[in-house]
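Here the structure comes first, spelled out in structure tokens, and everything after it is commentary.
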Amino acid sequence: MSVAFRRCVLSVATLAFSCACARVYAPAAAPDAPHSGTPVRWTPPALSGELYESSPTFSPDGSEVVFMRASRAFSDYRLLSSRCGSGGWTPPLPPPFAVPHGIDEADPAFSADGSRLYYVSARGNDDGNLDIWRVERGGDGRWGEPSRLPEPVNSPASELLPRPQPDGSLLFGSSRPGGHGQGDIYLATPLPGGDWQVGNLGPPVSTAANAFEADLSRDGKTMVVVADRGT
């Protein structure tokens, strides 16, 4: 299964999620939604259009969203960001650390405290493989220069959908050699000195099927895994 197809499984034509700014839109469509637990389709015109928008991640205060946009053929991945103000969401623009249009970048995710953003990028890879990158935000709110995470976090294969955890560890998907199937879920743990320890989560998370995204609940007791297991 190609990276493009795996992404297409996860993509949606419009963003569907909730945050502080989303409440401007959600009650109008479903007044009882905040109490019923019923999902509400949220499509502010400034963000959603005729292309594919997916993988939204919000700053901790809900005032900023970073997401990816792709062509209708689900190629040409770009990172975009928008802020919520008194007039709603601003028109999305590439964040200052993004590469020029034409190099794939996708799958953004804020750290729990909002000081870092993880994402994948084909920057510097002639073969188009995606690696995990990280960019830090200073006390003045400005983003710094992005950096590619070292091996063994990254590998000759593509890495997908990095999901930082509150303890600083990182869940991600990869189809690197030595796994259980087409793609597995890995956990990267930072070590003193800037090194990382990376391990395959193994069964029942990683199996012979293709798994490429996972995240934990806030209490660490529930994991949601996105995988193609033929069901």
- Query: Which of (1) modelled with pLDDT of 95 or more; (2) within 24 Å of Pro190 (Cα to Cα) is the odd one out, the single condition Leu79 does not satisfy?
  - Reply: (2)
- Just one listed residue, out of Gly173, Gly179, Gly183, Gly202, is of a type in the set (Gly, Ala, Ser), open to solvent by less than 40 Å² (accessible area, probe 1.4 Å) and within 16 Å of the chain's Cα centre (by Cα), and it is Gly173
- Check on Ala157, without any contact (Cβ under 8 Å) to a residue 60 or more places away in the chain, out of contact with any Ser or Thr (no Cβ under 6 Å at 6 or more places or on another chain), of a type in the set (Gly, Ala, Ser) and surrounded by 12 or more Cβ atoms within 10 Å (Cβ to Cβ): no
- Query: Residue check: is Pro166 in a loop (DSSP other than H, G, I, E, B) and within 18 Å of the chain's Cα centre (by Cα)?
  - Reply: yes
- Item | Answer from Leu161, Leu201, Leu171 - the residue that is in contact with a Phe, Trp or Tyr (Cβ under 8 Å, 6 or more places away or on another chain) and over 25 Å from Pro60 (Cα atoms) | Leu201
- Could you check Ser86 against (1) out of contact with any Ser or Thr (no Cβ under 8 Å at 6 or more places or on another chain); (2) more than 20 Å from Phe212 (Cα to Cα); (3) in contact (Cβ under 8 Å) with a residue 24 or more places away in the chain; (4) open to solvent by 40 Å² or more (accessible area, probe 1.4 Å) and say which number it fails? (3)
- Residue ID - farthest from Gly87 (Cα to Cα), chosen from residues in the stretch 52-74 that are at pLDDT 90 or above and assigned to a loop (DSSP other than H, G, I, E, B): Ser71
- Message: Only one of Glu136, Glu151, Glu145 is open to solvent by 50 Å² or more (accessible area, probe 1.4 Å) and in a strand (DSSP E or B). Can you tell me which?
- Response: Glu136
- If you check every pair at least six apart or on different chains, which have Cβ atoms under 6 Å apart with a residue in the stretch 113-128 that is assigned to a loop (DSSP other than H, G, I, E, B) first and a residue that is aromatic (Phe, Trp, Tyr) second? none
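The values are calculated or read from the model by the stated rules, or taken from the named source; none is laboratory data. Note that the structure is predicted; figures quoted are calculated from it, not measured. Here the Cβ is made from the backbone with ideal geometry for all residues, glycine too, and neighbour counts use every protein chain on show. Side chains are part of the model used for accessible areas, which takes the heavy atoms of the whole protein and leaves out ligands, DNA and RNA. Shrake-Rupley method; radii C 1.70, N 1.55, O 1.52, S 1.80 Å.
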